[in-house]
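The values are calculated or read from the model by the stated rules, or taken from the named source; none is laboratory data. Source: prediction; values computed, not measured. Counting neighbours? That spans all protein chains shown, and the Cβs are built from the backbone with ideal geometry, glycine included. With ligands, DNA and RNA removed, areas are computed over all heavy atoms of the protein, side chains included. Shrake-Rupley method; radii C 1.70, N 1.55, O 1.52, S 1.80 Å.
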Amino acid sequence: MSERIDKLREKSFKAVPSISAERARIITRFYRENEGKYSPCMMRALSFMALCRDKTIWIGKEELIVGERGPAPKVVPTFPELTCHTLEDLHTLEKREKVNYRLERDVLEVYEQEIIPYWSGRTMREKIFSHVPGEWKSAYEAGMFTEFMEQRAPGHTTLDDLIYRKGMLDLKADIDQALFGLDFLNDCQATEKLESLRAMSTACDAAIVFAERHADLAAELAVQEQDPVRKQELEEISRICRRVPAHAPRNFREALQMYWFVHLGTITELNGWDSMNPGHLDQHLYPFYKADLEKGILDREQAKELLGCLWIKFNNHPAPPKVGVTAAESGTYNDFTNINLGGLKSDGSDGVNDLSYLLLEVIDEIHLLQPGCNVQISRKTPDHFLREACRVIRKGYGYPSVFNADVVVAEQVRAGKSVEDARSGGTSGCIETGCFGKEAYILTGYLNVPKILELVLNRGTDPLSGKQLGPDTGDPEGFSGFDELYSAFEAQLNYIVDLKVRVNQYIEQMFARYMPAPFLSAVIRDCIENGRDYYNGGPRYNTNYIQCCGIGTVTDSLASLKKHVFESGSVSMGEMLEALAADFKEREPFRLELVNRTPKFGNDEDYADSIMEKVYDSLFRTIDGRPNTKGGQYHLNMLSTTCHVYFGTKLGATPDGRTAGFPESDGTSPSHGADRNGPTAVCMSLGKMDQVKSGGTLLNQRFLPDVLKGAAGLVKLSQLIRGYFRMEGHHIQFNVVGTATLQAAQENPEDYRDLLVRVAGYSDYFCDLTPDLQAEIMMRTAQEEF
């Protein structure tokens, strides 16, 4: 790292996240003064203008890329129009043992006197929960599923190269052309489109105002600056901010600042789940990088320093504080930006370039919490690039994760996208597949698949809450065989997914009507041409995902029932149900029999793996292809993030020998300790899952550092990845850390403050994780050999 990056990194690393009421105050004042005067989309655009015009502008010492969402680095705004935190919420966030937020007294005063009184009864969250049916709320509270949009705006959002080709003034010209083409005679939606387009134009103006304010501040600071070097830097910052985002960037540094202003605009406008993602950053920036090198106005080290400045900007933006169930299952500062490196170009050629390698160096040297990074590996990707990625992975940061670019393309083509658009897409957030810059791909929440089996075993009743959550599918003791049990499982699955989708449809229309995103819409292709908002079917493609959790747990549980109850008859269904109800208390030998004498998913054994395929096929048939309200469809992906820990607390003992409250299996990974035949067997088991039918799968693997030592270790790791991807695996990621290191970090956390580990589709500081999450990572099988 350069001296500048070293200083900026240290400041970012040590800064304590805190909550600011500034955004909440500005948005509240605007709504209070203008309520009822404008259409919802113009209200959003004009409130965005108020934010860009009135919020505090920050330019820190040493910075070359400028702009903060809050009034200073690591100062987090709130979004009361979506979720208005109570005073109790704010105190909870301040006092949490880990991942807490500093809270100044004036924030509490502003909330008590201004924010809460105005937004009470007006927030999106209250509107949603006041209309959901009682059976949905009961299932939600029981941990059958989660709902992302109950407190944050829909996501994901990932950009293509549009913003490097067009500035805000160019987009305004496109909007003017779309306005001119409105057909009020034959199009009954023309008036709605008129409002939406005008709102997009106003939002573009707001982004320009925001940049101009930075230009003015930089110019003022330059006048006061005594150091001639810094004075020149500030003058250059001022010049760049007058150029972008009003106009398209002309060089590498302008392109970086252009992206960052657009990023800030989208995450200031609304609090999307997850954060804005830049897509194929190496491919988008490479033409500028190459041209600047050829002109002699940039060298490799200067480019690396500028990229380091951008990396630190990402890290300066913790996730806005959550509430309720989401706070319980997602305690992290990480806002899930995920940068794609490598992959394919839209013409099908290899996407790796010199900037891809330079970005790997930045990842290696900075190793901060954010941004997340991945490498997209295709059959055309050079082995050298994969080896360089493995070299970084081996250092144990949890970055980069690894995706199969060929499968990512195939998944999108199967879902109806053109092959060219699919190639220019990739993954964002954790593992979710989408078409960059052209798609709204919305995560609707997690589905607790093992709990669906629990409903089967309890005739539709949740044993923890005592509530009837699903249909009565019959007395399990009367089931004639495994097929009848499985038919009951599918009946419960259909009911729960119907219930979830019915409310998802309502919620997404609520956002389309009341909480549009005009700035985001302006930078996503086809929204302007269609005259429709990002949340209202404006993008070229519109996809909803349901994330299915715990396939390892439910597979092993079904395998246990099939083998012990229906085949060998060594256990009666009554005995099994009694043991589960008692959480195996005073039945430890019985529990160990289930743990050790049941075929388990993840060992390349067809007995268990065939059940996994059966469950996966049921999930696919139940979810895939359901229409959403925007002309698109629902698909599934196999992602848990940290929700497998939360879902475990809502699940009683299971027939695989898992005790009540214990975490479920994560992603598509085997259950904890179930994979006993090494990493290759895990990959072979996962290779039997038709992952192309998904929108993403997640596989965690943990290695002891000694296994990957030397050149031979890199070769083995890269060969494991290539082998898995030949079986059409979607994704794999690695923790490379010994149990002794993790134990030492638990005992002396201050000595291990920068220890990053791979949690789910993201990395986090081990010492910031809850004790449950720390234990879950330590319980993952530590592979000692290939």
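Restricting to the chain, what percent of DSSP beta bridges are antiparallel, rounded to 5? Mind dumping the intermediate values first?
On the way: 12 of 47 bridges.
In the chain, approximately 25 percent of DSSP beta bridges are antiparallel ones.
Within the accessible area of segment 239-306, the carbon and sulfur atoms contribute 50%, probe 1.4 Å, all protein chains present.
Rolling a 1.4 Å probe over the protein heavy atoms leaves Asp472 with an accessible area of roughly 90 Å². Axis of helix 383-393 versus longest Cα principal axis of the chain: the two differ by about 80°, to the nearest ten degrees. Roughly how tilted is helix 551-560, in degrees to the nearest 10 and between 0 and 90, from the longest Cα axis of the chain? Compared with the principal axis, the helix lies near 0 degrees. Which value in nm describes the separation of the simple spin-label points at Ser349 and Met727, placed 7 Å from the Cα toward the beta carbon? A separation of 3.4 nm, rounded to one decimal place. Look at the dipole of segment 129-172 built from charges on Cβ: of Phe145, Val132, Met168, the Cα furthest out on the positive end belongs to Met168. Computed from phi, the 3J(HN,Hα) profile of segment 66-81 under the Karplus parametrisation 6.51, -1.76, 1.60 (θ = phi - 60°) reads 10, x, 10, 6, x, x, 6, x, 6, 9, 9, x, 10, 10, x, 5 Hz, with x in place of Gly and Pro. Once the Cα atoms are used to define both axes, helix 300-315 deviates from the longest principal axis of the chain by about 60 degrees.
With a 1.4 Å probe and every protein chain left in place, work out the accessible area per residue of the chain in Å², rounded to a whole number.
34
Net charge dipole, the chain: roughly 1020 debye, given to the nearest 20, about the Cα centre with Cβ charges of +1 for Lys and Arg and -1 for Asp and Glu. The packing ranking of peptides 264-273, 380-389, 480-489, highest mean first, is 264-273, 380-389, 480-489, where packing means the average number of other beta carbon atoms within 10 angstrom of each residue. The packing ranking of peptides 586-592, 556-562, 205-211, 50-56, highest mean first, is 556-562, 205-211, 50-56, 586-592, where packing means the average number of other beta carbon atoms within 10 angstrom of each residue.
Computed from the C-beta positions of Asp690 and Leu179 and an R0 of 45 Å, the FRET efficiency is 0.45 to the nearest 0.05.
A protection proxy built from the mean count of other Cβ atoms within 10 Å ranks the segments 719-729, 763-773, 654-664, most packed first, as 654-664, 763-773, 719-729.
When the Cα positions of Ala440, Leu592, Met727 are compared along the charge dipole of the chain, Ala440 comes out farthest toward the positive end, with charges on each C-beta of Lys, Arg, Asp and Glu. The distance between label points at Arg102 and Leu169 comes to 4.1 nm (points 7 Å beyond Cα on the Cα→Cβ vector).
Based on the Cβ-Cβ distance of Asn186 and Lys37, what FRET efficiency does E = 1/(1 + (r/R0)^6) give at R0 = 35 Å, to the nearest 0.05?
Working from the Cβ atoms, E equals 0.70.
Taking each of Lys563/Lys585; Lys395/Lys716; Lys95/Lys322; Lys95/Lys127; Lys74/Lys630 in turn, the alpha-carbon distance tops 24 angstrom for Lys95/Lys127; Lys74/Lys630. In segment 577-716, the portion of solvent-accessible area held by carbon and sulfur atoms comes to 52 percent [1.4 Å probe, whole percent, DNA, RNA and ligands not counted].
With helices as the sole contributors, the chain gives -15000 deg cm²/dmol at 222 nm; each DSSP H run of n ≥ 4 counts as -39500 (n - 2.57), and the sum is divided by every residue. Taking 0.36 nm per residue of separation and subtracting the Cα-Cα distance, full extension of the segment from Thr659 to Ile297 would add 124.1 nm.
Tell me, what is the FRET efficiency for Glu88 and Glu212 to the nearest 0.05, using R0 = 30 angstrom and their Cβ-Cβ distance as r? E(calc), rounded to 0.05, equals 0.15.
Gain on full extension, evaluated as 0.36 nm per residue between Thr680 and Asp383 minus their Cα-Cα distance, stands at 105.0 nm. Scalar couplings 3J(HN,Hα) for segment 48-58, obtained by applying the Karplus form with A = 6.51, B = -1.76, C = 1.60 to θ = phi - 60°, are 5, 4, 4, 5, 5, 7, 10, 5, 5, 9, 10 Hz; x denotes Gly and Pro.
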